[in-house]
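Remarks on the structure that follows.
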2 protein chains.
Amino acid sequence: MFRGIFHNSIDDKGRMSIPARFRDQIQNNHTTPLVLTLGFDQCLFLYPSDTWQKIEEKLSSMDSLNSEVRQFQRTVMKATDEVEMDQQGRIVISPVLRKEAGIAKNVVIVGLLNRVEIWDKQKYESYHAQTSQTLELMGQKLSDKGIQDINF
Amino acid sequence: MFRGIFHNSIDDKGRMSIPARFRDQIQNNHTTPLVLTLGFDQCLFLYPSDTWQKIEEKLSSMDSLNSEVRQFQRTVMKATDEVEMDQQGRIVISPVLRKEAGIAKNVVIVGLLNRVEIWDKQKYESYHAQTSQTLELMGQKLSDKGIQDINF
DNA sequence: AGGAACTTCAGCACTTTTCCCCACTTTCCA
DNA sequence: TGGAAAGTGGGGAAAAGTGCTGAAGTTCCT
């Protein structure tokens, strides 16, 4: 599982350093190449390829006679890219993905369970500003909806 | 289980000594690295990674197509960090976490069952000042609400 | 078709931050 | 009261991150 938050930047050539901790983790516990895809809420999801493969399998198993499923599949795969780390541990983020995610120069990189999320710094801040509720309150809402609670 | 209360301080580099008793306990009964996260009531929760892993598994199993679930996951992981003890038994608390928990220099470290809590000294004192009821009264309240009692 | 210029990519090197080790002070216990 | 262990502070080395330079491939123009 990926944990922690990092503030990095993207150079003129669209390259971004993967935080060293994630780098090691990927090399020790996962397979390369990495898969970069446009995720929810206008940020990028970065997966090791073995993790991504499971998601693709699920995508494949969805009912493709359903037009909403087809649309979902196409929209996901449209914005999915394979990336390799260079010797300095950097990846290139394509102009398309950068644009889709509104990424300028400064990014926030967050370890989020089985994936790494890459956010434009400003977008990240406004996301969390909008959703600034206490953890207690969020937990309560989920609990009210019948979503299983978590005991800390 | 962690027990006891300690008063330590944080140096200019954001380092804090783990009380020796907890240190030994972690090394004997648990796995490193440690996981530090913003908990309830503005204090930090410190878990051995094996304990934390169970929480992460629950988080992972939630439905990530639901935007409120994503928000909850992100809010938890946003303020979650992996930390290693140095040879002196200290951990580094990141500026982000220090800010979120309002930690200045003096901290109170409390063993709380399966976790260790780290409080800013002032916050700790005002928390207990506000909630200064007798134990008998608290127990009565819980009992009245139908929350299972504890037999001492 | 050859050459030049531009674009693209990768490696190198510098700077900043982080980590690690050593030494000092304080507290606790015998 | 002395010794040991715990906690604190600072300095140096290593690594992480980022900008820069150089090489290679491609395209366009003559």
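The values are calculated or read from the model by the stated rules, or taken from the named source; none is laboratory data. This structure is a prediction, so every number in the text was calculated from the model and none was measured. Because the Cβ atoms are built from the backbone with ideal geometry, glycine has one as well, and the counts that use them run over all protein chains shown. Ligands, DNA and RNA are stripped out before the accessible areas are found, and what is left, the full protein with its side chains, is counted by its heavy atoms. Shrake-Rupley method; radii C 1.70, N 1.55, O 1.52, S 1.80 Å.
Being closer than 21 Å to residue A:106 by Cα, away from DNA strand D (no atom under 16 Å from the Cβ), open to solvent by 20 Å² or more (accessible area, probe 1.4 Å) and away from chain B (no Cβ under 12 Å): is that true of residue A:65 here? In short, no. Looking only at residues of the stretch A:68-111 that are farther than 23 Å from residue A:57 by Cβ and within 14 Å of chain B (Cβ to nearest Cβ), we find that the one that is farthest from DNA strand C (Cβ to nearest atom) is A:110. The set of residues in the stretch A:10-27 that are closer than 16 Å to residue B:82 by Cβ, away from chain B (no Cβ under 13 Å) and within 16 Å of DNA strand C (Cβ to nearest atom) comprises A:18, A:23. Please work out if residue A:38 is within 17 Å of the chain's Cα centre (by Cα), within 24 Å of residue A:21 (Cα to Cα) and open to solvent by less than 10 Å² (accessible area, probe 1.4 Å). Taking the combined requirement at face value, the residue does not satisfy it.
Taking every residue in the stretch B:13-41 that is without any contact (Cβ under 8 Å) to a residue 12 or more places away in the chain and within 26 Å of residue B:127 (Cα to Cα) and pairing it with any residue that is open to solvent by 40 Å² or more (accessible area, probe 1.4 Å) and assigned to a helix (DSSP H, G or I), at least 6 positions away or on another chain, the pairs with Cβ-Cβ distances below 7 Å are B:40/A:136.
Within the stretch B:24-35, work out how many residues are open to solvent by less than 60 Å² (accessible area, probe 1.4 Å) and over 28 Å from residue B:73 (Cβ atoms).
First, the residues of the stretch B:24-35 that are open to solvent by less than 60 Å² (accessible area, probe 1.4 Å): B:25-26, B:30, B:33-35.
Still in the running and over 28 Å from residue B:73 (Cβ atoms): B:25.
Residues meeting the conditions: 1.
Against the conditions (1) in contact with a Ser or Thr (Cβ under 8 Å, 6 or more places away or on another chain); (2) in contact (Cβ under 8 Å) with a residue 12 or more places away in the chain, residue A:70 satisfies every one except (2). Answer yes if at least one residue in the stretch B:127-146 is within 16 Å of DNA strand D (Cβ to nearest atom), surrounded by 11 or more Cβ atoms within 10 Å (Cβ to Cβ) and modelled with pLDDT of 90 or more, and no otherwise. The answer is no; no qualifying residue exists.
Would you mind stating whether residue B:4 is in contact with a helix residue (DSSP H, G or I) (Cβ under 8 Å, 6 or more places away or on another chain), open to solvent by 20 Å² or more (accessible area, probe 1.4 Å), more than 15 Å from DNA strand C (Cβ to nearest atom) and more than 11 Å from chain A (Cβ to nearest Cβ)? Judged against the criteria, residue B:4 is not a match. Residue B:57 passes every criterion in (1) open to solvent by 20 Å² or more (accessible area, probe 1.4 Å); (2) more than 8 Å from chain A (Cβ to nearest Cβ); (3) within 16 Å of DNA strand C (Cβ to nearest atom); (4) of a type outside the set (Lys, Arg) apart from (3).
Can you find even one residue in the stretch A:35-44 that is over 18 Å from residue B:59 (Cα atoms), within 14 Å of another protein chain (Cβ to nearest Cβ), within 16 Å of DNA strand C (Cβ to nearest atom) and touching a strand residue (DSSP E or B) at 6+ places or on another chain (Cβ under 7 Å)? No. Counting the residues of the stretch A:112-139 that are within 14 Å of another protein chain (Cβ to nearest Cβ) and not in a helix (DSSP H, G or I) gives 12. Just one of (1) farther than 24 Å from residue A:44 by Cα; (2) out of contact with any Gly (no Cβ under 8 Å at 6 or more places or on another chain) fails for residue B:61. It is (1).
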